[in-house]
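The values are calculated or read from the model by the stated rules, or taken from the named source; none is laboratory data. Because the structure is a prediction, the values reported are computed rather than measured. Reconstructed Cβ throughout: ideal geometry from the backbone, glycine too, with neighbour counts over all protein chains shown. Accessible surface areas use protein heavy atoms only, side chains included; no ligands, DNA or RNA. Shrake-Rupley method; radii C 1.70, N 1.55, O 1.52, S 1.80 Å.
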Amino acid sequence: MAKSKSNTIKQPGFLTRLRASLNRGNSWLTYDLRNLLPGETVDQDALDELESRLLTADLGVDATTRIMERVQSLFDGGRITTREQLANELKAPMLDVLRQVERPLDVTRESGPFVLLVAGVNGVGKTTTIGKLARKYVDAGYSVMLAAGDTFRAGAVEQLTQWGERNGVPVVAQSSGADAASVAYDAYARAAARGVDILIADTAGRLHTQGNLMGELAKVKRVLGKQDTSAPHETMLVVDATTGGNALSQARSFHESVGLTGLTVTKLDGTAAGGVVFAIAETMGLPIRFIGVGEATEDLDVFDAERFVDALFK
Ligand SMILES: Nc1nc2c(ncn2[C@@H]2O[C@H](COP(=O)(O)OP(=O)(O)OP(=O)(O)O)[C@@H](O)[C@H]2O)c(=O)[nH]1
Ligand SMILES: [Mg+2]
């Protein structure tokens with residue numbers, strides 16, 4: 001095991017990138033607050049309108065209710081009269097919602113590879129996230145291997161192989177159309193034999209309604225579990241923030257069918273809101289491991305609740 005392994009893979013300068021991506025000039029929240037309260041003084045109408053804006057921004061009913069209950073009680077107690085006070089008092093309940101799911105992935109293992117299985121709907125950013133993670137873990141001193149478990153889509157193996165080559169990380173693949181579980185089996189055996197620290201397995205994009213494909217994913221999990229009863233150590237769903245409420249329903253269905261242990265939310269640069277992160281946090285309670293704000297390696301980072309909320313308030 002390398003001695004130089006770093007226990008954090010946080011990206012320097014990520015807050016600036018996150019802020020720029022989420023806000024594009026002006027945070028939707030800052031914008032909404034100013035827009036809602038032109039006269040600076042907070043009244044009940046403004047709070048009602050704020051509630052509907054949070055719902056429109058995909059925060060969902062549960063998170064919105066929790067946040068607004070706190071704000072309402074402070075307002076009723078005379079503690080919120082100005083826009084600035086409202087902004088300050090909004091932060092705490094928003095942070096409470098996100099702190100529940102701020103649990104970074106711990107990849108340390110006594111022996112055997114840490115197995116990270118990545119799943120999700122087509123095009124959400126699974127393979128790109130794997131490529132970025134491979135780079136981060138290599139930079140942090142870990143040995144990494146990738147498994148090309150998407151044997152379905154033409155070009156999927158090449159895409160992962162390119163990420164591997166770029167980062168000097170071996171990729172285990174079979175021919176297109178091969179059994180995904182067999183690729184996973186093979187990859188685990190090689191990773192264990194080589195003493196690799198982290199094995200990251202890609203999978204084909206699938207909809208939760210595709211029963212046969214969900215069955216395949218369950219089989220991949222089972223096969224890994226036969227080699228190491230504790231594997232996969234993480235079954236991570238990737239969701240695309242631009243799909244709003246769909247991201248939440250995907251998380252629900254995948255969790256029901258295969259059992260998830262974590263989530264990554266990508267494409268937060270493609271949406272003005274990022275509100276779905278709150279909805280997922282409050283409703284699912286599953287750890288949010290990483291967030292993505294662009295296509296480059298430095299655009300992925302460990303999820304940090306405080307940084308996320310700070311980025312929303314400019
Ligand atoms: N803007 C932006 N684009 C992203 C992000 N993450 C991934 N992408 C892009 O999304 C597209 C799809 O990414 P993939 O990694 O191929 O997605 P996938 O889930 O593996 O797709 P399938 O294998 O087809 O299911 C690519 O063009 C990526 O560059 C992100 O955080 N922000
Ligand atoms: Mg892919």
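At a glance:
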quantity: For the chain, built as a Gaussian network whose Cα springs stay under 10 Å, the top-fluctuating residue of Gly225, Gly274, Gly177; calculated: Gly177
quantity: Only Lys, Arg (+1) and Asp, Glu (-1) charged, at Cβ; the range 224-275 dipole about Cα centre in debye; calculated: 80 debye
quantity: Electrostatic dipole magnitude of the range 79-202 [Cβ: Lys, Arg +1; Asp, Glu -1; Cα centre; debye, to 20]; calculated: 300 debye
quantity: Most mobile listed residue (Asp43, Asp96, Asp186) in the chain, GNM with C-alpha springs under 10 Å; calculated: Asp43
quantity: Of all accessible heavy-atom area on the chain, the percent that carbon and sulfur account for (1.4 Å); calculated: 47 percent
quantity: Exposure rank, largest accessible area first [Ile9, Ile130; 1.4 Å]; calculated: Ile9, Ile130
quantity: Residue-by-residue Karplus 3J(HN,Hα) for the range 209-221, coefficients 6.51, -1.76, 1.60, Hz, glycine and proline x; calculated: 7, 8, x, 5, 6, 5, x, 4, 5, 4, 5, 4, 4
quantity: Packing-based ranking, highest mean first, of 298-304, 143-149 given that Cβ atoms within 10 Å are counted; calculated: 143-149, 298-304
quantity: Size descriptor, Kirkwood hydrodynamic radius, that averages inverse alpha-carbon separations across the range 186-306, Å; calculated: 15.6 Å
quantity: Å² of accessible area per residue within the chain, as computed with a 1.4 Å probe and no ligands counted; calculated: 42 Å²
quantity: Charge dipole (the chain, unit charges on Cβ, about Cα centre) - positive-most of Asn212, Ile198, Val302; calculated: Ile198
quantity: Links that overshoot a 29 Å alpha carbon limit, given the list Lys5/Lys221; Lys226/Lys267; Lys5/Lys91; Lys126/Lys226; Lys91/Lys267; calculated: Lys226/Lys267; Lys5/Lys91
quantity: About the Cα centre, charge dipole magnitude for the chain (Lys/Arg +1, Asp/Glu -1 at Cβ), debye; calculated: 1040 debye
quantity: Tensor-based shape of the range 90-225 (alpha-carbon gyration tensor, a/c under 1.5 rounded, otherwise prolate or oblate); calculated: oblate
quantity: Residue of Gly131, Gly211, Gly294 that the Gaussian network model of the chain assigns the largest fluctuation, springs spanning Cα pairs under 10 Å; calculated: Gly211
quantity: Among 239-250, 64-75, the order from most to least packed when residues are scored by Cβ within 10 Å on average; calculated: 239-250, 64-75
quantity: The chain: angle of helix 245-258 to the longest principal axis, Cα-based, in degrees nearest 10; calculated: 40 degrees
quantity: Rotationally averaged projected area of the chain (alpha carbon convex hull; nm²); calculated: 16.0 nm²
quantity: Sequence-distant residues sharing a close amide H with Val172 (under 5 Å, placed H); calculated: Leu146, Ala147, Ala148
quantity: Loop GluC sites (Glu not before Pro), the range 83-150, which have at most 12 other Cβ atoms in a 10 Å radius of their Cβ (DSSP); calculated: Glu110
